[in-house]
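Engineer: The structure that follows is given in the form of structure tokens.
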Ligand SMILES: Cc1cc2nc3c(=O)[nH]c(=O)nc-3n(C[C@H](O)[C@H](O)[C@H](O)COP(=O)(O)OP(=O)(O)OC[C@H]3O[C@@H](n4cnc5c(N)ncnc54)[C@H](O)[C@@H]3O)c2cc1C
Ligand SMILES: Nc1ncnc2c1ncn2[C@@H]1O[C@H](COP(=O)(O)O)[C@@H](O)[C@H]1O
């Protein structure tokens with residue numbers, strides 16, 4: 001029989017998008033302190049996909065375990081507990097003041113280094129974070145590790161030592177497959193994320209969270225964080241709010257009023 | 001003058017408009033050079049089109065591996081061109097796939113990547129973050145800047161270029177072949193333009209009431225040659241697929257014209273469309289937040305206004 005698989009789900013804590021998000025004027029980094037923090041929305045789908053995969057592996061007799069991996073400040077513990085209460089088994093939390101201000105490439109390097117310290121067969125991430133909206137960390141981790149990147153998946157199947165996904169494309173989808181270990185990113189709507197049960201919430205309190213620093217990963221602190229970041233924010237300003245234009249009530253002439261407006265702007 | 005590499009996007013032998021936008025943007029930074037990374041036999045048909053938009057050179061990196069494996073081979077091919085050309089910058093369009101290609105390229109060449117730029121210059125880019133609430137100036141501090149640029153950020157302007165062909169030899173590494181494309185499946189999408197880079201987008205919201213009424217949105221879109229989008233409410237109801245969702249957890253669009261029909265304008269929807277150049281809204285509720293950002297709004301019933309508008313536009317187009 002094949003051995004049990006280690007599934008690692010990447011969970012990022014992000015500022016709640018309902019709140020007004022800000023940058024720190026002193027160093028142009030994201031203000032993670034002043035607003036409510038939540039699990040990156042799409043990462044809930046990644047957690048669910050990991051849990052379903054584990055359940056299927058247990059069902060088939062092979063077995064599996066789900067580890068949550070988060071790179072983020074101390075308060076990210078809240079998000080990790082939530083992920084554990086959904087049913088993940090344990091967590092690794094990379095928390096180090098030196099990481100603050102890291103960009104996507106640096107974050108991916110930290111995650112790749114963290115993965116090298118644990119056993120992993122399948123890494124599942126969300127496709128995109130609501131704060132960066134970059135959608136590149138998963139592919140960068142695959143690049144850093146030199147393993148298959150099965151990104152933008154709307155369907156995932158694992159069989160034998162191979163993972164196959166339906167990757168969303170402009171025109172439909174690509175069926176993409178690679179041998180394990182592999183890094184997968186999933187899109188919204190791939191499944192229905194479960195709500196933590198009361199039992200799950202209680203159980204999460206005693207699940208292990210392994211907190212590690214940059215030094216624990218064997219990384220040089222100067223290679224991460226704002227000072228060493230390959231990309232830098234030079235300046236920022238609040239965009240002027242969009243001025244509301246003209247609004248008319250339709251009295252049977254609404255359509256022609258829009259057409260006149262579009263013609264005036266040479267849009268038709 | 002240093003070269004600025006532009007990764008070419010094409011479909012069926014036609015260069016996409018977004019590539020012409022980037023060739024236009026590249027002219028202000030250096031000498032535009034197009035890079036075709038594709039299956040063998042793709043570049044020949046594209047070359048004359050690239051010449052019309054000022055490509056001084058056309059690097060041709062063709063291999064069956066490009067279509068045989070996902071993402072990674074494209075980044076390896078581009079890295080080979082960067083090594084050959086020592087460019088001032090590399091520009092790619094901001095599609096989901098190209099952002100991945102750009103990121104892997106930056107990783108390989110030890111530089112940084114800036115995504116979703118609305119403007120680029122010699123050392124960096126302008127980005128709009130948090131759904132357009134904040135404008136940031138960013139730069140790449142080490143190495144050749146790799147920038148993904150949003151569609152419609154630049155108006156494509158023709159300019160004659162020599163389009164001198166330069167062959168690129170590269171081999172894809174084993175790691176680059178880790179993700180095999182077993183099959184590419186095209187799903188029926190009709191002849192409408194793709195949402196992400198369309199210059200006009202018409203989106204429908206919960207106000208349409210039922211799946212079959214979505215035809216009203218499609219008709220209006222077709223009268224304008226527009227792409228069709230939707231709010232999440234419509235996607236959640238199962239009326240249209242998730243690929244059509246505009247917003248924070250869907251596609252971000254920045255077209256010349258965005259028409260929101262029966263959409264309230266929730267913050268998560270706005271995050272995906274509020275940098276559109278011109279916004280028009282049709283909604284029966286005068287208090288709907290979408291009117292706060294619409295350049296022109298009509299308070300009225302979409303079931304009468306939208307079909308009448310489609311008819312009016314078709315009529316005026318003659
Ligand atoms: C984490 C998260 C992520 C999200 N991501 C997205 C996203 O990516 N994209 C997105 O769109 N939403 C997203 N949402 C959902 C968002 O909050 C709204 O719920 C959604 O945008 C509402 O869609 P709607 O405007 O179509 O529906 P509603 O808010 O119900 O608005 C319908 C509008 O139609 C009007 N209307 C009704 N009938 C008529 C008629 N006959 N004629 C004219 N007007 C009519 C009504 O006045 C109303 O303004 C997200 C929410 C969360 C929490
Ligand atoms: N700091 C982080 N910790 C854990 N996972 C992350 C982190 N940053 C990004 N990810 C993962 O990568 C995905 C895409 O993020 P991004 O590339 O920033 O849009 C997220 O949905 C997460 O699954």
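Engineer: Given B:223, B:203, B:254, which one is more than 8 Å from chain A (Cβ to nearest Cβ), within 17 Å of residue A:268 (Cα to Cα) and more than 16 Å from ligand 2 (Cβ to nearest atom)?
Structural biologist: Step by step, each of B:223, B:203, B:254 is checked, and only B:223 is more than 8 Å from chain A (Cβ to nearest Cβ), within 17 Å of residue A:268 (Cα to Cα) and more than 16 Å from ligand 2 (Cβ to nearest atom).
Engineer: Does residue B:100 satisfy being part of a helix (DSSP H, G or I) and without any contact (Cβ under 8 Å) to a residue 40 or more places away in the chain?
Structural biologist: yes
Engineer: Might you check whether a residue that is within 16 Å of ligand 2 (Cβ to nearest atom) and either touching a residue at least 24 places away in the same chain (Cβ under 8 Å) or facing another protein chain (nearest Cβ under 8 Å) (or both) occurs anywhere in the range B:272-281?
Structural biologist: Yes, the range B:272-281 has at least one match.
Engineer: Which residues, taken from the range B:156-169, are modelled with pLDDT of 95 or more and either in a loop (DSSP other than H, G, I, E, B) or under 21 Å from residue B:112 (Cα atoms) (or both)?
Structural biologist: B:156, B:157, B:158, B:160, B:161, B:162, B:163, B:168
Engineer: Within the range A:185-199, can you find the residues that are outside any loop (DSSP other than H, G, I, E, B) and surrounded by fewer than 17 Cβ atoms within 10 Å (Cβ to Cβ)?
Structural biologist: Of everything in the range A:185-199, those that are outside any loop (DSSP other than H, G, I, E, B) and surrounded by fewer than 17 Cβ atoms within 10 Å (Cβ to Cβ) turn out to be A:198, A:199.
Engineer: How many residues are assigned to a loop (DSSP other than H, G, I, E, B) and more than 9 Å from chain B (Cβ to nearest Cβ) if we restrict to the range A:106-162?
Structural biologist: Matching residues across the range A:106-162 total 8.
Engineer: Could you tell me whether the range A:191-208 includes any residue that is away from every other protein chain (no Cβ under 14 Å), more than 12 Å from ligand 2 (Cβ to nearest atom) and in contact with a strand residue (DSSP E or B) (Cβ under 8 Å, 6 or more places away or on another chain)?
Structural biologist: Yes, because at least one residue in the range A:191-208 is away from every other protein chain (no Cβ under 14 Å), more than 12 Å from ligand 2 (Cβ to nearest atom) and in contact with a strand residue (DSSP E or B) (Cβ under 8 Å, 6 or more places away or on another chain).
Engineer: One residue is enough: does the range B:90-97 have a residue meeting the conditions in a loop (DSSP other than H, G, I, E, B), within 13 Å of chain A (Cβ to nearest Cβ), crowded, with 23+ Cβ neighbours inside 10 Å and within 15 Å of the chain's Cα centre (by Cα)?
Structural biologist: Yes; the residues of the range B:90-97 include at least one that is in a loop (DSSP other than H, G, I, E, B), within 13 Å of chain A (Cβ to nearest Cβ), crowded, with 23+ Cβ neighbours inside 10 Å and within 15 Å of the chain's Cα centre (by Cα).
Engineer: Please determine, by comparing only the residues of the range B:215-242 that are part of a helix (DSSP H, G or I) and within 12 Å of ligand 1 (Cβ to nearest atom), which one is surrounded by the fewest Cβ atoms within 10 Å (Cβ to Cβ).
Structural biologist: B:236
The values are calculated or read from the model by the stated rules, or taken from the named source; none is laboratory data. In this text, all values refer to a predicted model and were calculated from it rather than measured experimentally. Every residue, glycine as well, gets a Cβ built from its backbone with ideal geometry; the counts of neighbours run over all protein chains shown.
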